Structure formats: structure tokens, C-alpha cells
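Q: Would you mind keeping the following structure in view while I ask a few things?
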Amino acid sequence: MSSKRSLRRQFLKNGAALAGFAAGAISSGSTTLFAADTPSAGAKDLHAYGERSRFENDVRIGSLALWPIVPGSRRDYGFRSPLQDSIGIITPAPLHFIISHGHEPPDIDPREHGVMIHGMVDRTLIFSLDEIKRLPSVSRLHFLECHGNSAAAGITGEPRKVPSATVQDTHGLTSCSVWTGVPLSLLLGQVGVQKGASWIVAEGAETGKHTKSIPLEKAMDDCLVAYGQNGEALRPEQGYPLRLLVPGWQGINNVKWLRRIYVVDQPYMAMMESTKYPSARLDGKSRWFESEMGPKSVITRPSGGQQLSAHGFYEITGLAWSGGGAIRRVEVSVDGGRSWKDAQLQQPIAPKAHTRFGLSWTWNGEEVMLESRCTDDQGHVQPTLAELTKFWGVDADYFRLPPTTADMGNFNAIQPWKVSRDGSVSNALF
Amino acid sequence: MRYSSFLPALAVFGLAACSAAFAQAPGYSNLGRTPSKEEIQAWNQSIGPQGKELPPGSGTAKQGEEIFASKCAACHGANGEGSQLAPRLVGGRGPLNTPTPSRTLANYWPFATTIWDYINRAMPPKQEGSLSGSDIYALTAFILYRNDIIPEGQVLDAASLPKVKMPNRDGFIPDRLEDIHSLRARGCNAGHCP
């Protein structure tokens, strides 16, 4: 473990303590109700553009702890969102997870930006950003998730396996936003898709020009060409000024800095989709284009690295989502999966979006194992680790292997958190 | 009787005329600009497995060796063995039916056209687009030759590159993705496609 990582641990520990996850806070008599409204010396004037309180200091963290980025060295590709202190279902854009395959956001002048749609179409057209904004817009709640999120095998598996892993380490490669833009089907309708076309190839404008093949059926179904996120323009690291949104599917599909859509009759087998994202099976075959993310849930409080400070009442709360549709049910177990109780689902419950759940619970000081499992409106239930290993034809030891090249995506096993007698919470996947 | 049937018709007509002013499809059919042929060509960088977008030009491993030394070796190693900065391009062959399969270019990549496409769009970092079509054919030939996938003297061009069969072409399921657009039809369940 690098010293950077240790520092980060220290920081997270302090952060968890600061967050005041404690029954004590409720009964505390020392709370200051009224503070003087004089700004502290040297504070920025926040009337024109706001900032969060100086007491709020959650940040994204690199998946491999190889950050900050040092030019000329190996670097982090993925940056995880701090789910442990997430509130509700919207991820603030500055904390939304990032994966850009090592490419930095291009500096795009929105007045110069457009997206070309060509290939098997009646009319090749370039739509400027301004023109896209003139079209009827829609806003939809959707999660994004890296296919490697919460995966135990693979290069990012190690930090998620250790007992000290936080929910940011285990599940931080998902986030949820209100996305605003134009249905891709509308733009495809404008260019006139020709008979025989069956796939699109979407391309970004960054160095490396990330490319992804997507079935036309999905493109015409619910994909968005989005320019807005949570009421503002996309952030540069989220694809400013334009990105593709492919709801419920692996993050790799959601091409950022979108500049081109090529209508074709077969998948184009770009580098990422054909060589990096397939999941290898033990028989030597690989699954590729897995696309849809399965039903998944995780308890965010109490979760790994947090500390219960006293016996008594807590709400167990977390997030559930599914690429197949809306979350219909979340169950919570406090006895390691022997018995389950239905959690309350908070509104809004949108298809292919994070859904917040909660269950009232009283901790009596015993060691307990907290778990959650969700069911979506297709009837798909989040699997146990045992069910998942059976599906993959491996045993659980496979996931205990050191970081390997067997990068198995779409890992959605139930996540257990162990609450020890001293109130500490730790990762208990293994 | 006549009037009573005429009046509603007029009302409907009036409504239709009114909404036509806001009608959607015709209303925004003027949006979007038609690019020139040259513009389309300049923007289109996608090379599919059939290679129909591949440009003219050609190259051999011998020509590629020199370009590799000056443009690629600094990160990928003098013999394509890889480094902390860039993946291995030569070697790494071995069985895939293990918990630690080697997912190198030679051992794993299903299509040779992907090599051309990726060099063209992404390499070398910060100098993307600096290599000519022939340079890229030559580099592709060099990498494939060093991996014993093509003979040293083979000329790669738009016709020959798509015909190169990569060792792991048949290692993916489902084999013919283009036939199966629907996830449900692929038998996906709980996020996994068997």
C-alpha cells in the first residue's frame, strides 16, 4: 500500500468521523443553533457562484490509487464517487465517477461543436450544438455505471476486496443524474436511417476518439444525446458539450464529447469493445457486448470504514438500480441473509435510475451482517455471490485471486457489511 | 342539418391549420447542415471488420520496423514487449482457459482491422493523425509479423488486411453479434449474457 493510499485512508477516517454518523449527534445538547452571519476572513464571495461548505470535503478517488496523475507514469483511469455520504439519488456533477480511458477532457468551444450523422442514411447531416438545443428536449433520471464496478476480479479488484474497503472502493463507479437532451431517435429520424442498417458507431472528440458500437434497436429505443446534467451544462469530464446516454448499459457505451454517429450494418469492433471489455470465462471463451447492467444494490450507511458510535436507532440506507428497468423491491438482512425485510423505497423511482431505500433498525451492540438485495420490474433478483459463481462456472476462490487479467465485468453480487461489537463497519464480501 | 355538420368540420380544420404552425417534423426539418464529401471523409475514421473504409496505401513489416522504432518503441518497448506506460504488442501467447488469461494483441484481439483503426485514431499520444495510411499499414504488418501471424514479406493494404485471421477470432460469444440486436434474445439475465 502506497503512502498516498495510507494518507487517503487517514483522510477518509477523519471524514467519516466528521460526517457525524452517530446517534450522539441527535441527543447532543451542544449544537449551535445560530451562527454569526459574518463570513470568515479571506472567504470567497459566493453570491455569484456557490461552493459547498468548508466542512464538506468528499472527493473522488482513483481506482488504483495512482493519483494525482504524474506525467510519464502509470496513472489511474477510473475515479470513484464517494457513495458513503451520498444523499438521495442525485450525484453532484463534480462527484460523478469518471472513466475516460486515460484521456483528459478536450477543451471544446461549444460554438464550434457539432455531431455528424452519416453512413446508411438518406441525408448526412451535421447538427450544431445550437441546433440540437433548438429541438424538443427531454430530461430523464438515469444511472451510469462502469461494467467493472464492484467487480472482485480484474485490475481494479484489489481495493474492493480488502476488509477496510469503503463503499466508494467497492461501488464508487456508479452515479445518477438528471440528464437533459434530445432523443437520439429524433436525430436519426431527421437523417433517415436506411433499410439494412442495424448498428450505430458513436465516437468522441477526445484524443483517442473513443468509439462504441451500439445496436440500432437500442439507439432508437431510449438513448439520449445529452447536453445537460442536473440542471447545468455537462461538466468537461462528463463530455462537455455533448455526450451520448445509453440508459442501463455498461458505461463504455455512453460516449463523451460526442462528435459522430455512423449508421452501419454490423458492430465495428473498436479497440475497447472488442479487446478490453469482454469478460473472460474459465473455458477460454469471452462474453462480449454484455451491455445491460444487472440489478444491483448496496447499503451506503452504515458501510465500510464507518463507525457506529452508540447503540440505538439507525436508518439503514442505500442505493438500488438496474439496467433492466425500475427497482420494484429492496430487501435488507441484518443476519447475513438468513432473513429479509422489505425496505422502504423513496420516490422518485425511475427506470434505469438509482433508487434510495431505507429501513429503520436498532443496533443492540451485537455483531451483525448487513446486506441488501433488489428486484427490478423485469423480475430479476440481485444474485448472491454463490449464485454468481455458479453462473460463471467458477468457485468463490476465483474472485479471491490477486489482481489478474481475468477482467470479469457486470459483477452484481450482494454486498455484505459486517458491524463489529465495537461499532466498526467492514467489507465482508469474503 | 347541413350547417351542423359543416361547422364542426370547420372547427377541426381551424385546429389543424393552427397546429400546423407548430407541427414538429416539418418545423425542424431545416436543422442540420449537409457536409461536403471531403468533410465526411475527414471526419470518418471508423474502420469495420470488413475494412471497407480502409484508405489506399500499403506497407510491409520491414517498413514498419523503422517507424515503430521512432514512433512507438519509447512506450511499447524496442521489441513491442510493453512497459509501465503502454501494453505489450508482441508475444504473450498462451492458453486462455485459465484464471489469468493473457489478453495481449496476439493472444486475444479478434480482428486485425482493430489494430489499424486504433493506431489511426489514437497513436502516438499527442501526435494522433500524424501517421499516413501507408505508415499504419506498415506498423500493422510489423506487429503482426513479429507475432507470427503474417509472413515477413506480406504487403498489407485495404484488400489484404481484413483477410488476416487473428488467432482468437473464434474465442467470443455470441459469435455473430450482428445477428442478435436484442439483449433479451441473447438470453441475458441478471446482467449477464450466457
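Q: For the list (1) crowded, with 22+ Cβ neighbours inside 10 Å; (2) part of a loop (DSSP other than H, G, I, E, B); (3) modelled with pLDDT under 95, I need the number of the one condition that residue A:91 fails.
A: The number of the failed condition is (3).
Q: With the condition kept exactly as written, say whether any residue in region A:409-417 is of a type outside the set (S, T, N, Q) and surrounded by fewer than 17 Cβ atoms within 10 Å (Cβ to Cβ).
A: No, every residue in region A:409-417 fails to be of a type outside the set (S, T, N, Q) and surrounded by fewer than 17 Cβ atoms within 10 Å (Cβ to Cβ).
Q: Would you mind finding the one in B:152, B:128, B:65 that is surrounded by fewer than 19 Cβ atoms within 10 Å (Cβ to Cβ), more than 9 Å from every other protein chain (Cβ to nearest Cβ) and in a loop (DSSP other than H, G, I, E, B)?
A: Going through B:152, B:128, B:65 in turn, the sole match is B:152.
Q: Right, another one. I'd like the residue in region A:264-299 that is among the aliphatic types (A, V, I, L, M) and closer than 22 Å to residue B:119 by Cα and, out of all such residues, is farthest from the chain's Cα centre (by Cα).
A: Once the filter is applied, the top-ranked residue is A:264.
Q: Does residue A:370 satisfy being among the aliphatic types (A, V, I, L, M) and either at positive phi or touching a strand residue (DSSP E or B) at 6+ places or on another chain (Cβ under 7 Å) (or both)?
A: It is true that residue A:370 is among the aliphatic types (A, V, I, L, M) and either at positive phi or touching a strand residue (DSSP E or B) at 6+ places or on another chain (Cβ under 7 Å) (or both).
Q: Same structure, new question: Sort out which residues of region B:85-120 are open to solvent by less than 40 Å² (accessible area, probe 1.4 Å) and polar (S, T, N, Q), and write them in order of number.
A: B:98, B:102, B:104, B:107, B:113, B:114, B:120 - these are the residues of region B:85-120 that are open to solvent by less than 40 Å² (accessible area, probe 1.4 Å) and polar (S, T, N, Q).
Q: Another question about this same structure. Are any of the residues in region A:121-131 outside the structural domain of residue A:158 (by TED's automatic domain parsing) and aliphatic (A, V, I, L, M)?
A: Within region A:121-131 (the criterion being outside the structural domain of residue A:158 (by TED's automatic domain parsing) and aliphatic (A, V, I, L, M)), the answer is no, since none of the residues qualifies.
Q: Hand me the list of helices (runs of 4 or more DSSP H) wholly inside region A:99-208 holding 1 or more residues that are under 18 Å from the mean Cα position of the chain (by Cα) and among the aliphatic types (A, V, I, L, M).
A: Counting at least 1 such residues, we get A:167-171.
Listed here are the residues, each with its yes/no results for (1) facing chain B (nearest Cβ under 9 Å); (2) open to solvent by less than 10 Å² (accessible area, probe 1.4 Å); (3) modelled with pLDDT of 95 or more.
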{"residue": "A:218", "(1), (2), (3)": "yes, no, no"}
{"residue": "A:237", "(1), (2), (3)": "no, no, yes"}
{"residue": "A:253", "(1), (2), (3)": "no, yes, yes"}
{"residue": "A:256", "(1), (2), (3)": "no, no, yes"}
{"residue": "A:278", "(1), (2), (3)": "yes, yes, no"}
{"residue": "A:285", "(1), (2), (3)": "yes, no, no"}
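Q: Residues of region A:258-276 being of a type in the set (D, E, K, R) and either part of a strand (DSSP E or B) or surrounded by 23 or more Cβ atoms within 10 Å (Cβ to Cβ) (or both), which ones?
A: Across region A:258-276, the qualifying residues are A:259, A:260, A:273.
Q: Of the residues in region A:323-348, how many are under 17 Å from residue A:88 (Cα atoms) and open to solvent by less than 40 Å² (accessible area, probe 1.4 Å)?
A: Qualifying residue count for the region: 4.
Q: Would you mind stating whether residue B:143 is under 17 Å from residue A:209 (Cα atoms) and either modelled with pLDDT under 95 or buried (at least 16 other Cβ atoms within 10 Å of the Cβ) (or both)?
A: The answer is no for residue B:143.
The values are calculated or read from the model by the stated rules, or taken from the named source; none is laboratory data. These numbers come from a predicted model, not from an experiment. Cβ: placed from backbone, ideal geometry, glycine included. Neighbour counts: every protein chain shown. These accessible areas exclude ligands, DNA and RNA; they are computed on the full protein's heavy atoms, side chains included. Shrake-Rupley method; radii C 1.70, N 1.55, O 1.52, S 1.80 Å.
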